[in-house]
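Remarks on the structure that follows.
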Amino acid sequence: MSPTEQLEIESKYDVDEGASLPALHELPGVASVAQPVELDLAAVYYDTAALDLAANKVTLRRRTGGEDDGWHVKFPVSSGERLEVRHPLGRSTRGVPIAVVRAVRVHVRDNELVPVVTLNTKRVVHRLLDTDGQVLAELADDRVTATVEGAEPDSWREWEFELVTGDRSLLEAADDVLRSAGAEPASGPSKLARALGDRVPAADQWALPSKPLTSDLFRAYAGAQVQAIRERDPEVRRDVPDAVHKFRVATRRLRSALATYRPVVDREAGDRIRVELKWLAGELGVARDAEVQREHFAAEVAEQPAELVMGRVAGRIDDHLRGVYKEGRTRALAALESERYFRLLETLDDLIAKPPLVGDDRKAKKQIHDLLDHDWKRMRKAVRRAETAETTAEQDHELHEVRKAAKRLRYAAESAVPVLGDEATDLAARAEEVQEVLGEFQDSVVSRDFLRQLAVQVHLEGGNAFTFGRLHAAEELRGLHAREAFFKLWPTLKLG
(Lines give C-alpha, C1' and ligand atoms only; values in the text may rest on other atoms or scores of the structure.)
Protein backbone atom coordinates (compact mmCIF):
# COMPACT_ATOMS: atom_id res chain seq x y z
CA MET A 1 0.00 0.00 0.00
CA SER A 2 1.32 3.43 -0.94
CA PRO A 3 1.73 6.14 1.70
CA THR A 4 -0.99 8.77 2.02
CA GLU A 5 -0.70 12.47 2.83
CA GLN A 6 -2.83 15.03 4.58
CA LEU A 7 -2.36 18.58 5.78
CA GLU A 8 -2.98 18.75 9.51
CA ILE A 9 -4.37 22.10 10.69
CA GLU A 10 -4.92 22.20 14.44
CA SER A 11 -4.54 24.08 17.67
CA LYS A 12 -3.31 22.45 20.87
CA TYR A 13 -4.17 23.41 24.44
CA ASP A 14 -3.07 22.50 27.95
CA VAL A 15 -6.00 21.94 30.31
CA ASP A 16 -6.46 21.07 33.95
CA GLU A 17 -7.65 17.59 34.87
CA GLY A 18 -10.95 18.96 36.11
CA ALA A 19 -11.74 21.15 33.09
CA SER A 20 -15.09 20.60 31.36
CA LEU A 21 -15.66 20.80 27.62
CA PRO A 22 -17.61 23.87 26.47
CA ALA A 23 -20.75 23.66 24.34
CA LEU A 24 -19.14 22.76 21.02
CA HIS A 25 -22.49 22.63 19.21
CA GLU A 26 -22.80 26.39 19.65
CA LEU A 27 -19.79 27.09 17.45
CA PRO A 28 -20.67 28.81 14.12
CA GLY A 29 -21.65 26.36 11.38
CA VAL A 30 -21.89 23.40 13.75
CA ALA A 31 -25.28 21.69 13.65
CA SER A 32 -24.49 18.87 16.07
CA VAL A 33 -21.76 16.93 17.84
CA ALA A 34 -21.53 13.18 17.25
CA GLN A 35 -21.38 10.66 20.06
CA PRO A 36 -17.86 10.64 21.53
CA VAL A 37 -15.47 7.90 20.44
CA GLU A 38 -12.99 6.50 22.96
CA LEU A 39 -9.57 5.32 21.79
CA ASP A 40 -6.57 3.82 23.57
CA LEU A 41 -3.51 4.95 21.58
CA ALA A 42 0.05 3.68 21.87
CA ALA A 43 2.82 5.46 19.99
CA VAL A 44 6.56 4.89 19.90
CA TYR A 45 8.58 7.85 18.58
CA TYR A 46 11.90 7.28 16.83
CA ASP A 47 14.87 9.60 16.36
CA THR A 48 18.64 9.56 16.24
CA ALA A 49 20.65 9.59 19.45
CA ALA A 50 21.29 13.29 18.81
CA LEU A 51 17.55 13.96 18.28
CA ASP A 52 18.10 15.31 14.78
CA LEU A 53 14.42 14.92 13.85
CA ALA A 54 13.15 16.75 16.92
CA ALA A 55 15.69 19.52 16.32
CA ASN A 56 14.14 20.02 12.87
CA LYS A 57 10.56 19.78 14.21
CA VAL A 58 9.97 16.49 12.36
CA THR A 59 8.29 13.55 14.10
CA LEU A 60 8.34 9.84 13.24
CA ARG A 61 6.16 7.43 15.14
CA ARG A 62 4.63 3.96 15.05
CA ARG A 63 1.08 4.22 16.36
CA THR A 64 -1.57 1.63 17.14
CA GLY A 65 -4.96 1.59 18.80
CA GLY A 66 -6.62 4.27 16.70
CA GLU A 67 -8.35 4.68 13.35
CA ASP A 68 -5.12 5.39 11.49
CA ASP A 69 -2.68 2.75 12.73
CA GLY A 70 0.66 2.92 10.95
CA TRP A 71 3.96 4.75 10.65
CA HIS A 72 3.43 8.51 10.66
CA VAL A 73 5.94 11.16 9.62
CA LYS A 74 5.04 14.81 10.25
CA PHE A 75 6.81 17.74 8.61
CA PRO A 76 6.36 21.37 9.71
CA VAL A 77 4.59 23.61 7.18
CA SER A 78 3.73 26.77 9.09
CA SER A 79 2.40 27.76 12.48
CA GLY A 80 -0.40 25.33 13.34
CA GLU A 81 0.10 23.33 10.14
CA ARG A 82 1.95 20.08 9.56
CA LEU A 83 2.07 17.66 6.65
CA GLU A 84 1.42 14.11 7.81
CA VAL A 85 2.64 11.24 5.63
CA ARG A 86 1.20 7.87 6.66
CA HIS A 87 2.80 4.54 5.82
CA PRO A 88 1.11 1.16 6.44
CA LEU A 89 1.92 -0.55 9.71
CA GLY A 90 3.57 -3.59 8.10
CA ARG A 91 5.16 -6.37 10.10
CA SER A 92 8.05 -4.47 11.62
CA THR A 93 7.63 -3.88 15.36
CA ARG A 94 11.21 -2.94 16.20
CA GLY A 95 13.12 -1.38 13.34
CA VAL A 96 11.77 1.42 11.18
CA PRO A 97 10.82 0.24 7.64
CA ILE A 98 13.25 1.47 5.00
CA ALA A 99 10.50 3.37 3.13
CA VAL A 100 9.87 5.38 6.29
CA VAL A 101 13.57 5.92 6.96
CA ARG A 102 14.01 7.37 3.47
CA ALA A 103 11.32 9.94 4.16
CA VAL A 104 13.56 11.53 6.82
CA ARG A 105 17.01 10.78 5.35
CA VAL A 106 17.83 14.46 4.81
CA HIS A 107 17.83 14.87 8.61
CA VAL A 108 19.07 11.50 9.90
CA ARG A 109 21.44 10.57 7.02
CA ASP A 110 23.03 7.20 7.83
CA ASN A 111 22.52 7.44 11.60
CA GLU A 112 20.49 4.78 13.35
CA LEU A 113 16.90 5.49 14.35
CA VAL A 114 16.04 4.34 17.86
CA PRO A 115 12.98 4.63 20.14
CA VAL A 116 13.18 7.84 22.18
CA VAL A 117 9.70 8.32 23.64
CA THR A 118 6.65 6.14 24.26
CA LEU A 119 3.26 7.86 24.52
CA ASN A 120 0.12 6.21 25.82
CA THR A 121 -2.98 8.30 25.27
CA LYS A 122 -6.55 7.86 26.46
CA ARG A 123 -8.39 9.83 23.79
CA VAL A 124 -12.03 10.87 23.54
CA VAL A 125 -12.91 12.25 20.10
CA HIS A 126 -15.78 14.72 19.65
CA ARG A 127 -16.72 15.22 15.98
CA LEU A 128 -18.41 18.49 15.02
CA LEU A 129 -20.93 18.04 12.20
CA ASP A 130 -22.68 20.38 9.78
CA THR A 131 -26.32 20.08 8.70
CA ASP A 132 -25.40 17.41 6.12
CA GLY A 133 -23.58 15.29 8.66
CA GLN A 134 -20.14 16.17 7.29
CA VAL A 135 -17.34 16.39 9.85
CA LEU A 136 -16.18 20.00 10.15
CA ALA A 137 -13.63 19.44 12.90
CA GLU A 138 -12.62 17.12 15.70
CA LEU A 139 -11.80 17.90 19.28
CA ALA A 140 -9.60 15.28 20.91
CA ASP A 141 -9.62 15.23 24.71
CA ASP A 142 -6.33 13.48 25.52
CA ARG A 143 -4.91 12.16 28.77
CA VAL A 144 -1.28 11.46 27.98
CA THR A 145 1.47 9.49 29.71
CA ALA A 146 4.95 9.96 28.24
CA THR A 147 7.87 7.69 29.04
CA VAL A 148 11.43 8.73 28.20
CA GLU A 149 14.30 6.38 28.97
CA GLY A 150 16.06 7.41 32.15
CA ALA A 151 13.23 9.61 33.41
CA GLU A 152 10.05 9.22 35.41
CA PRO A 153 6.82 9.01 33.37
CA ASP A 154 5.10 12.36 32.86
CA SER A 155 1.34 12.75 32.55
CA TRP A 156 -0.86 15.60 31.40
CA ARG A 157 -4.16 16.44 29.75
CA GLU A 158 -4.54 18.39 26.53
CA TRP A 159 -7.12 19.29 23.90
CA GLU A 160 -6.47 19.19 20.18
CA PHE A 161 -8.88 21.01 17.88
CA GLU A 162 -8.27 19.86 14.28
CA LEU A 163 -10.04 21.03 11.13
CA VAL A 164 -11.42 18.37 8.79
CA THR A 165 -13.65 20.12 6.23
CA GLY A 166 -14.20 23.34 8.19
CA ASP A 167 -12.32 26.58 7.52
CA ARG A 168 -10.07 28.69 9.70
CA SER A 169 -12.92 30.85 10.95
CA LEU A 170 -14.11 27.79 12.87
CA LEU A 171 -10.62 27.29 14.30
CA GLU A 172 -10.58 30.92 15.47
CA ALA A 173 -14.05 30.69 16.98
CA ALA A 174 -13.10 27.49 18.79
CA ASP A 175 -10.00 29.18 20.20
CA ASP A 176 -12.11 31.78 22.00
CA VAL A 177 -14.53 29.18 23.35
CA LEU A 178 -11.83 26.76 24.53
CA ARG A 179 -9.85 29.51 26.24
CA SER A 180 -12.97 30.67 28.03
CA ALA A 181 -13.28 27.11 29.35
CA GLY A 182 -9.84 27.36 30.94
CA ALA A 183 -7.61 26.04 28.16
CA GLU A 184 -4.22 27.62 27.52
CA PRO A 185 -2.09 27.36 24.36
CA ALA A 186 0.04 24.22 24.62
CA SER A 187 3.51 24.67 26.07
CA GLY A 188 5.03 22.83 23.09
CA PRO A 189 4.21 22.28 19.42
CA SER A 190 3.62 18.54 19.95
CA LYS A 191 3.33 15.84 22.59
CA LEU A 192 6.79 14.66 21.62
CA ALA A 193 8.29 18.12 22.15
CA ARG A 194 6.72 18.31 25.59
CA ALA A 195 7.98 14.86 26.51
CA LEU A 196 11.55 15.59 25.41
CA GLY A 197 11.65 19.08 26.90
CA ASP A 198 15.12 20.62 27.00
CA ARG A 199 16.75 17.44 25.66
CA VAL A 200 16.15 18.75 22.13
CA PRO A 201 19.18 20.63 20.75
CA ALA A 202 18.57 24.36 20.59
CA ALA A 203 17.94 25.77 17.12
CA ASP A 204 20.39 28.22 15.60
CA GLN A 205 19.06 31.68 16.44
CA TRP A 206 21.33 33.60 14.03
CA ALA A 207 19.61 36.40 12.14
CA LEU A 208 20.83 38.87 9.53
CA PRO A 209 22.09 42.01 11.34
CA SER A 210 20.48 45.35 10.50
CA LYS A 211 23.85 46.55 9.15
CA PRO A 212 25.32 43.35 7.75
CA LEU A 213 28.82 42.58 6.61
CA THR A 214 29.25 41.03 3.17
CA SER A 215 29.76 37.62 4.79
CA ASP A 216 26.42 38.05 6.57
CA LEU A 217 24.68 38.38 3.21
CA PHE A 218 26.34 35.17 2.09
CA ARG A 219 25.33 33.34 5.24
CA ALA A 220 21.71 34.44 4.98
CA TYR A 221 21.36 33.59 1.28
CA ALA A 222 23.27 30.32 1.50
CA GLY A 223 21.33 29.35 4.60
CA ALA A 224 18.04 29.81 2.74
CA GLN A 225 19.26 27.49 -0.01
CA VAL A 226 20.38 24.80 2.43
CA GLN A 227 16.97 25.00 4.11
CA ALA A 228 15.33 24.65 0.68
CA ILE A 229 17.37 21.49 0.07
CA ARG A 230 16.16 20.06 3.39
CA GLU A 231 12.55 20.83 2.50
CA ARG A 232 12.74 19.59 -1.09
CA ASP A 233 14.47 16.28 -0.35
CA PRO A 234 11.39 14.53 1.10
CA GLU A 235 9.26 15.96 -1.74
CA VAL A 236 11.59 14.57 -4.40
CA ARG A 237 11.37 11.15 -2.78
CA ARG A 238 7.55 11.37 -2.79
CA ASP A 239 7.61 12.53 -6.44
CA VAL A 240 5.84 15.81 -5.63
CA PRO A 241 5.36 17.87 -8.83
CA ASP A 242 8.14 20.42 -9.46
CA ALA A 243 10.11 19.23 -6.41
CA VAL A 244 13.18 18.21 -8.45
CA HIS A 245 13.21 21.58 -10.20
CA LYS A 246 13.08 23.48 -6.90
CA PHE A 247 15.77 21.22 -5.44
CA ARG A 248 18.08 21.88 -8.40
CA VAL A 249 17.46 25.63 -8.23
CA ALA A 250 18.55 25.61 -4.58
CA THR A 251 21.79 23.80 -5.47
CA ARG A 252 22.43 26.26 -8.32
CA ARG A 253 21.82 29.29 -6.13
CA LEU A 254 24.19 27.92 -3.51
CA ARG A 255 26.90 27.09 -6.09
CA SER A 256 26.52 30.57 -7.50
CA ALA A 257 26.80 32.25 -4.09
CA LEU A 258 29.99 30.33 -3.32
CA ALA A 259 31.49 31.80 -6.50
CA THR A 260 30.16 35.35 -6.13
CA TYR A 261 31.31 35.66 -2.52
CA ARG A 262 34.86 34.39 -3.08
CA PRO A 263 36.32 37.68 -1.81
CA VAL A 264 35.04 36.77 1.68
CA VAL A 265 34.51 32.97 1.55
CA ASP A 266 37.50 30.64 1.29
CA ARG A 267 37.80 29.68 -2.37
CA GLU A 268 39.30 26.24 -1.85
CA ALA A 269 36.62 25.20 0.63
CA GLY A 270 33.89 26.75 -1.50
CA ASP A 271 35.05 25.10 -4.70
CA ARG A 272 35.04 21.67 -3.06
CA ILE A 273 31.40 22.22 -2.12
CA ARG A 274 30.63 23.51 -5.63
CA VAL A 275 31.95 20.27 -7.12
CA GLU A 276 29.64 18.23 -4.89
CA LEU A 277 26.63 20.44 -5.60
CA LYS A 278 27.27 20.13 -9.34
CA TRP A 279 27.36 16.34 -8.97
CA LEU A 280 24.08 16.36 -7.06
CA ALA A 281 22.31 18.63 -9.56
CA GLY A 282 23.51 16.39 -12.37
CA GLU A 283 22.13 13.28 -10.71
CA LEU A 284 18.76 14.98 -10.22
CA GLY A 285 18.66 16.60 -13.65
CA VAL A 286 18.18 13.64 -15.96
CA ALA A 287 14.63 12.88 -14.87
CA ARG A 288 13.64 16.54 -14.73
CA ASP A 289 14.96 17.30 -18.21
CA ALA A 290 13.16 14.28 -19.66
CA GLU A 291 9.93 15.39 -17.98
CA VAL A 292 10.20 18.89 -19.48
CA GLN A 293 11.00 17.51 -22.93
CA ARG A 294 8.01 15.16 -22.82
CA GLU A 295 5.64 18.03 -22.18
CA HIS A 296 7.27 20.19 -24.86
CA PHE A 297 7.26 17.58 -27.62
CA ALA A 298 3.74 16.37 -26.84
CA ALA A 299 2.52 19.92 -27.51
CA GLU A 300 4.78 20.41 -30.54
CA VAL A 301 3.68 17.22 -32.28
CA ALA A 302 0.03 18.01 -31.54
CA GLU A 303 0.45 21.29 -33.44
CA GLN A 304 1.56 19.50 -36.62
CA PRO A 305 -1.01 18.99 -39.41
CA ALA A 306 -2.27 15.42 -39.17
CA GLU A 307 -1.33 14.63 -42.79
CA LEU A 308 2.30 15.60 -42.07
CA VAL A 309 2.75 13.29 -39.08
CA MET A 310 4.31 10.22 -40.67
CA GLY A 311 4.25 7.21 -38.38
CA ARG A 312 4.09 6.91 -34.62
CA VAL A 313 6.01 10.12 -33.89
CA ALA A 314 4.51 11.26 -30.58
CA GLY A 315 4.53 7.72 -29.22
CA ARG A 316 8.13 7.14 -30.26
CA ILE A 317 9.30 10.34 -28.57
CA ASP A 318 7.22 9.69 -25.45
CA ASP A 319 8.36 6.07 -25.13
CA HIS A 320 12.00 7.12 -25.31
CA LEU A 321 11.64 9.97 -22.81
CA ARG A 322 9.59 7.83 -20.41
CA GLY A 323 12.48 5.40 -20.34
CA VAL A 324 14.95 8.22 -19.75
CA TYR A 325 12.76 9.59 -16.96
CA LYS A 326 12.46 6.20 -15.26
CA GLU A 327 16.22 5.62 -15.37
CA GLY A 328 16.85 9.20 -14.26
CA ARG A 329 14.54 8.95 -11.28
CA THR A 330 16.18 5.70 -10.19
CA ARG A 331 19.54 7.42 -10.48
CA ALA A 332 18.34 10.45 -8.52
CA LEU A 333 16.93 8.36 -5.67
CA ALA A 334 20.16 6.36 -5.53
CA ALA A 335 22.11 9.60 -5.18
CA LEU A 336 19.87 10.69 -2.29
CA GLU A 337 20.66 7.38 -0.55
CA SER A 338 24.41 7.62 -1.04
CA GLU A 339 27.11 8.24 1.53
CA ARG A 340 28.41 11.02 -0.72
CA TYR A 341 25.11 12.87 -0.34
CA PHE A 342 25.04 12.38 3.43
CA ARG A 343 28.54 13.82 3.77
CA LEU A 344 27.55 16.76 1.55
CA LEU A 345 24.62 17.50 3.86
CA GLU A 346 26.97 17.53 6.84
CA THR A 347 29.31 19.86 4.99
CA LEU A 348 26.42 22.21 4.26
CA ASP A 349 25.43 22.20 7.93
CA ASP A 350 28.96 23.28 8.81
CA LEU A 351 29.03 25.87 6.01
CA ILE A 352 26.03 27.69 7.45
CA ALA A 353 26.94 27.24 11.11
CA LYS A 354 30.47 28.57 10.60
CA PRO A 355 31.25 29.89 7.10
CA PRO A 356 34.95 29.61 6.12
CA LEU A 357 35.62 33.33 5.89
CA VAL A 358 38.74 34.94 4.45
CA GLY A 359 39.84 38.24 2.95
CA ASP A 360 38.51 41.74 3.42
CA ASP A 361 35.04 41.36 4.93
CA ARG A 362 33.54 44.85 5.01
CA LYS A 363 30.12 46.44 5.39
CA ALA A 364 27.93 44.89 2.74
CA LYS A 365 26.47 48.18 1.55
CA LYS A 366 29.95 49.36 0.57
CA GLN A 367 31.33 46.09 -0.80
CA ILE A 368 28.40 44.35 -2.50
CA HIS A 369 28.50 46.60 -5.59
CA ASP A 370 32.03 45.32 -6.32
CA LEU A 371 30.77 41.73 -6.29
CA LEU A 372 27.82 42.55 -8.54
CA ASP A 373 30.05 44.49 -10.91
CA HIS A 374 32.39 41.50 -11.17
CA ASP A 375 29.51 39.18 -12.14
CA TRP A 376 28.15 41.76 -14.59
CA LYS A 377 31.52 42.03 -16.32
CA ARG A 378 31.73 38.26 -16.49
CA MET A 379 28.44 38.16 -18.37
CA ARG A 380 29.48 41.06 -20.62
CA LYS A 381 32.68 39.25 -21.62
CA ALA A 382 30.68 36.15 -22.53
CA VAL A 383 28.39 38.30 -24.71
CA ARG A 384 31.38 39.76 -26.53
CA ARG A 385 32.73 36.29 -27.22
CA ALA A 386 29.32 35.31 -28.61
CA GLU A 387 29.23 38.42 -30.81
CA THR A 388 32.63 37.65 -32.32
CA ALA A 389 32.19 33.89 -32.65
CA GLU A 390 33.32 32.61 -36.05
CA THR A 391 30.98 29.62 -36.27
CA THR A 392 27.39 28.90 -35.27
CA ALA A 393 28.53 26.08 -32.99
CA GLU A 394 30.96 28.43 -31.25
CA GLN A 395 28.25 31.06 -30.80
CA ASP A 396 25.84 28.44 -29.45
CA HIS A 397 28.42 27.55 -26.82
CA GLU A 398 29.09 31.16 -25.87
CA LEU A 399 25.40 32.00 -25.60
CA HIS A 400 25.07 29.12 -23.16
CA GLU A 401 27.93 30.69 -21.18
CA VAL A 402 26.07 34.02 -21.23
CA ARG A 403 23.02 32.29 -19.79
CA LYS A 404 25.05 30.75 -16.98
CA ALA A 405 26.64 34.14 -16.25
CA ALA A 406 23.19 35.74 -16.19
CA LYS A 407 22.06 33.18 -13.63
CA ARG A 408 25.01 34.00 -11.40
CA LEU A 409 24.31 37.71 -11.66
CA ARG A 410 20.62 37.16 -10.93
CA TYR A 411 21.35 35.09 -7.84
CA ALA A 412 23.98 37.57 -6.65
CA ALA A 413 21.45 40.38 -6.99
CA GLU A 414 18.86 38.36 -5.07
CA SER A 415 21.33 37.96 -2.20
CA ALA A 416 21.92 41.72 -2.15
CA VAL A 417 18.26 42.69 -1.73
CA PRO A 418 18.52 43.12 2.08
CA VAL A 419 20.95 46.04 1.61
CA LEU A 420 20.20 47.36 -1.89
CA GLY A 421 16.43 46.86 -1.98
CA ASP A 422 14.75 47.77 -5.29
CA GLU A 423 18.09 48.33 -7.00
CA ALA A 424 19.01 44.68 -6.47
CA THR A 425 15.50 43.47 -7.28
CA ASP A 426 15.56 45.33 -10.60
CA LEU A 427 18.99 43.94 -11.48
CA ALA A 428 17.83 40.40 -10.68
CA ALA A 429 14.80 40.89 -12.94
CA ARG A 430 16.97 42.10 -15.84
CA ALA A 431 19.37 39.19 -15.44
CA GLU A 432 16.39 36.82 -15.34
CA GLU A 433 15.20 38.24 -18.70
CA VAL A 434 18.51 37.20 -20.25
CA GLN A 435 18.31 33.82 -18.54
CA GLU A 436 14.79 33.15 -19.82
CA VAL A 437 15.47 34.20 -23.43
CA LEU A 438 18.66 32.17 -23.62
CA GLY A 439 16.94 29.31 -21.83
CA GLU A 440 14.63 29.04 -24.83
CA PHE A 441 17.68 29.10 -27.08
CA GLN A 442 19.53 26.38 -25.15
CA ASP A 443 16.41 24.20 -25.02
CA SER A 444 16.21 24.42 -28.81
CA VAL A 445 19.85 23.36 -29.13
CA VAL A 446 19.31 20.31 -26.90
CA SER A 447 16.03 19.45 -28.64
CA ARG A 448 17.62 19.56 -32.09
CA ASP A 449 20.32 17.13 -31.04
CA PHE A 450 17.72 14.79 -29.52
CA LEU A 451 15.53 14.87 -32.63
CA ARG A 452 18.48 14.23 -34.93
CA GLN A 453 19.49 11.14 -32.94
CA LEU A 454 15.93 9.83 -32.90
CA ALA A 455 15.50 10.48 -36.64
CA VAL A 456 18.67 8.50 -37.39
CA GLN A 457 17.31 5.56 -35.37
CA VAL A 458 13.99 5.68 -37.20
CA HIS A 459 15.75 5.82 -40.58
CA LEU A 460 18.04 2.90 -39.77
CA GLU A 461 15.01 0.86 -38.76
CA GLY A 462 13.42 1.56 -42.14
CA GLY A 463 10.89 4.07 -40.81
CA ASN A 464 9.86 7.49 -42.11
CA ALA A 465 11.83 10.30 -40.44
CA PHE A 466 10.02 13.10 -42.29
CA THR A 467 8.14 14.48 -39.28
CA PHE A 468 11.26 14.44 -37.14
CA GLY A 469 12.79 16.72 -39.76
CA ARG A 470 9.84 19.10 -39.50
CA LEU A 471 10.20 19.16 -35.73
CA HIS A 472 13.92 19.81 -36.09
CA ALA A 473 13.19 22.76 -38.37
CA ALA A 474 10.69 24.11 -35.83
CA GLU A 475 13.36 23.90 -33.15
CA GLU A 476 15.83 25.71 -35.41
CA LEU A 477 13.27 28.49 -35.83
CA ARG A 478 12.69 28.64 -32.06
CA GLY A 479 16.44 28.97 -31.54
CA LEU A 480 16.74 31.66 -34.22
CA HIS A 481 13.96 33.72 -32.65
CA ALA A 482 15.51 33.36 -29.19
CA ARG A 483 18.93 34.37 -30.53
CA GLU A 484 17.48 37.46 -32.20
CA ALA A 485 15.48 38.33 -29.08
CA PHE A 486 18.63 38.22 -26.96
CA PHE A 487 20.72 40.45 -29.22
CA LYS A 488 17.81 42.89 -29.31
CA LEU A 489 17.47 42.78 -25.51
CA TRP A 490 21.15 43.06 -24.65
CA PRO A 491 21.75 46.76 -25.55
CA THR A 492 18.87 47.78 -23.26
CA LEU A 493 20.45 46.19 -20.18
CA LYS A 494 22.60 48.38 -17.96
CA LEU A 495 24.18 47.87 -14.54
CA GLY A 496 22.99 50.47 -12.05
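Worth a mention:
- Relative protection proxy for 14-26, 130-142, 221-233, 245-257, from highest mean packing down: 245-257, 221-233, 130-142, 14-26 (other beta-carbon atoms within 10 angstrom).
- Rounded accessible area per residue of the stretch 1-143, 1.4 Å, Å²: 48 Å²
- Rounded Å value of the spacing that divides the Cα centres of the stretch 425-496 and the stretch 341-382: 31 Å
- Area accessible to solvent at Ser169, 1.4 Å probe radius, in Å²: 70 Å²
- Dimensions of the stretch 347-406 along the principal axes, based on C-alpha atoms and rounded to the nearest Å, stand at 47, 29, 15, largest first.
- Fraction of the pair-distance distribution of the chain above 38 Å, Cα-Cα pairs, percent: 44 percent
- Its Cα gyration tensor gives the stretch 112-229 an equivalent ellipsoid. The semi-axes, each the square root of 5 times an eigenvalue, are 35, 25, 14 Å from largest down.
- Translational diffusion of the stretch 67-119, estimated by Stokes-Einstein from the Kirkwood radius over alpha carbon pairs at 10 °C in a medium of 1.306 mPa s, is 127 µm² per second.
- Remark on the stretch 453-492: hydrodynamic radius 11.8 angstrom, per the Kirkwood mean of 1/r across alpha carbon pairs.
- Whole-number Å³ per residue for the convex hull built on Cα positions in the stretch 71-179: 159 Å³
- Percentage, to the nearest whole number, of Cα pairs in the stretch 1-120 over 18 Å apart: 61 percent
- Split the accessible area of the chain by element, probe 1.4 Å, and carbon with sulfur accounts for 50%.
- Diffusion coefficient, µm² s⁻¹, Stokes-Einstein with Kirkwood Rh over alpha-carbon pairs of the stretch 352-496 at 25 °C and 0.890 mPa s: 141 µm²/s
- Given Lys278/Lys381; Lys365/Lys404; Lys366/Lys407; Lys246/Lys488, the pairs whose alpha carbons are separated by over 28 Å: Lys246/Lys488
The values are calculated or read from the model by the stated rules, or taken from the named source; none is laboratory data. Owing to the predicted nature of the structure, the values given are computational and were not obtained by experimental measurement. Counting neighbours? That spans all protein chains shown, and the Cβs are built from the backbone with ideal geometry, glycine included. SASA here: full protein model, heavy atoms, side chains in, ligands and nucleic acids out. Shrake-Rupley method; radii C 1.70, N 1.55, O 1.52, S 1.80 Å.
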